[in-house]
Amino acid sequence: MPVNNELIGREFPPTPPYLVGREKVREFARAVFADAPLHTDVDAARALGYADVVAPPTFAMVIQDQTLQQLLASPDSGIVLARTIHAEQKFTYSKPIVAGDELTGRLKVTGIRRMAGNSMVTSEAEITDAAGDHVVTATSVLLIGSEETEGDA
């Protein structure tokens, strides 16, 4: 089954709130080699005007992943995880993510492009805080291989 073109414009329900934990920020910072003190040291972050440690920019992927799981679980999507590659990622921030933030994501499929039998699905996850204020838009492109190339490796 090919990727469903009717996904374009589809919006998914908001994800459950995600409480950003200090230790999660520190763990993520270590994992991505973000060694600036504001990612691990509360005093350093506060000296820069933040309430707590600041997540590295790619931390938004943690919340975006929850939104993408909704898309991947959609039975009519035509997306087969075994043929899916995360091809592109972009983040557009209004403000940084800080430990203590409670974030919610909402995904919208914004485009599907066909190339040589494969599909590139573009989506945007709008991530907001508990007050409903925009924090970051996470844009991703998933490359879904055609069924014909499934056995190729």
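The values are calculated or read from the model by the stated rules, or taken from the named source; none is laboratory data. Given the structure is predicted, the values throughout are model-derived calculations rather than measurements. FYI the Cβ positions are ideal-geometry reconstructions off the backbone, even for glycines, and counts take in every protein chain you see. Each accessible area value is taken on the protein alone, full model and side chains, heavy atoms only, with ligands, DNA and RNA left out. Shrake-Rupley method; radii C 1.70, N 1.55, O 1.52, S 1.80 Å.
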task: Can you work out which of the residues in segment 117-135 that are out of contact with any Gly (no Cβ under 9 Å at 6 or more places or on another chain) and in contact (Cβ under 8 Å) with a residue 24 or more places away in the chain is least open to solvent (accessible area, probe 1.4 Å)?
output: VAL135
- request: Pull up segment 1-58, narrow it to residues that are touching a His at 6+ places or on another chain (Cβ under 9 Å) and assigned to a helix (DSSP H, G or I), then point me to the one that is surrounded by the most Cβ atoms within 10 Å (Cβ to Cβ).
  value: VAL25
- prompt: Is segment 92-102 home to any residue that is β-branched (Val, Ile, Thr), in contact with an Asp or Glu (Cβ under 6 Å, 6 or more places away or on another chain), more than 20 Å from GLY9 (Cβ to Cβ) and open to solvent by less than 50 Å² (accessible area, probe 1.4 Å)?
  reply: yes
message: Cβ-Cβ under 6 Å, sequence separation 6+ or interchain: first residue in segment 1-19 and under 17 Å from VAL62 (Cα atoms), partner open to solvent by 60 Å² or more (accessible area, probe 1.4 Å) and among the acidic types (Asp, Glu). Which pairs?
response: PRO17/GLU102; LEU19/GLU102
message: Tally up the residues in segment 74-84 that are open to solvent by 90 Å² or more (accessible area, probe 1.4 Å) and either within 21 Å of GLY105 (Cβ to Cβ) or assigned to a loop (DSSP other than H, G, I, E, B) (or both), please.
response: 2
